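Undergrad: Sharing a structure below in structure tokens format, with a few things to ask.
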């Protein structure tokens, strides 16, 4: 492996792959109800960090407001994004509802904490045009 792969801290490797995959996720509370307090956001971050660890992923950034959260997750290619999202939303919903019973149950109805929808955007260090150019400039064997 060339030294440039080892110089970048986010480049990871396993037996057969070298990767650097990041995804930006955003989750909104059901009916966009403003339930998060600073303490709840801190706890949500802890819960989501643990879930990421279970998936061999890393929660790089986390922040939120009263009605939504944003995550930046560095994940291996074997992680199916929809399963990661389902686990992040399911575990956090269950634990936050248990730990903040009165506060959450008053604001969220019908047993749902998160909206069913979410945002997922891929993130990378190189712009698409740079990657496209890099691929185009590979030395294809001739003959």
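The values are calculated or read from the model by the stated rules, or taken from the named source; none is laboratory data. Quick caveat, the model's predicted, so the values are computed rather than measured. Here the Cβ is made from the backbone with ideal geometry for all residues, glycine too, and neighbour counts use every protein chain on show.
Undergrad: Looking at region 60-81, which of its residues are in contact with a strand residue (DSSP E or B) (Cβ under 6 Å, 6 or more places away or on another chain) and free of Cβ contacts under 8 Å to residues at least 24 places away in the same chain?
TA: Result: 61, 62, 63.
Undergrad: Still on this model: List the residue pairs whose Cβ atoms are under 6 Å apart, where the first residue sits in region 30-58 and is free of Cβ contacts under 8 Å to residues at least 24 places away in the same chain, the second is surrounded by fewer than 17 Cβ atoms within 10 Å (Cβ to Cβ) and in a loop (DSSP other than H, G, I, E, B), and the two are 6 or more positions apart or on different chains.
TA: 56/76
Undergrad: What residue, of 16, 24, is modelled with pLDDT of 90 or more and more than 16 Å from residue 95 (Cα to Cα)? Please lay out each step first, then the result.
TA: Working: 16 fails: modelled with pLDDT of 90 or more.
Testing whether each residue is modelled with pLDDT of 90 or more and more than 16 Å from residue 95 (Cα to Cα) leaves just 24.
Undergrad: Taking residue 104 as the residue in question, decide whether it is modelled with pLDDT under 95, touching a helix residue (DSSP H, G or I) at 6+ places or on another chain (Cβ under 6 Å), part of a helix (DSSP H, G or I) and surrounded by 17 or more Cβ atoms within 10 Å (Cβ to Cβ).
TA: Details: modelled with pLDDT under 95: yes; touching a helix residue (DSSP H, G or I) at 6+ places or on another chain (Cβ under 6 Å): yes; part of a helix (DSSP H, G or I): yes; surrounded by 17 or more Cβ atoms within 10 Å (Cβ to Cβ): yes.
Here the answer is yes, as residue 104 does meet what is asked.
Undergrad: Let me ask you something else. Among the numbered conditions (1) loosely packed, with under 13 Cβ neighbours inside 10 Å; (2) at pLDDT below 95; (3) under 30 Å from residue 9 (Cα atoms), tell me where residue 80 comes up short.
TA: For residue 80, the failing item is (2).
Undergrad: Looking only at region 123-143, count every residue that is at pLDDT 65 or above and surrounded by 10 or more Cβ atoms within 10 Å (Cβ to Cβ) and tell me the total.
TA: The total comes to 7.
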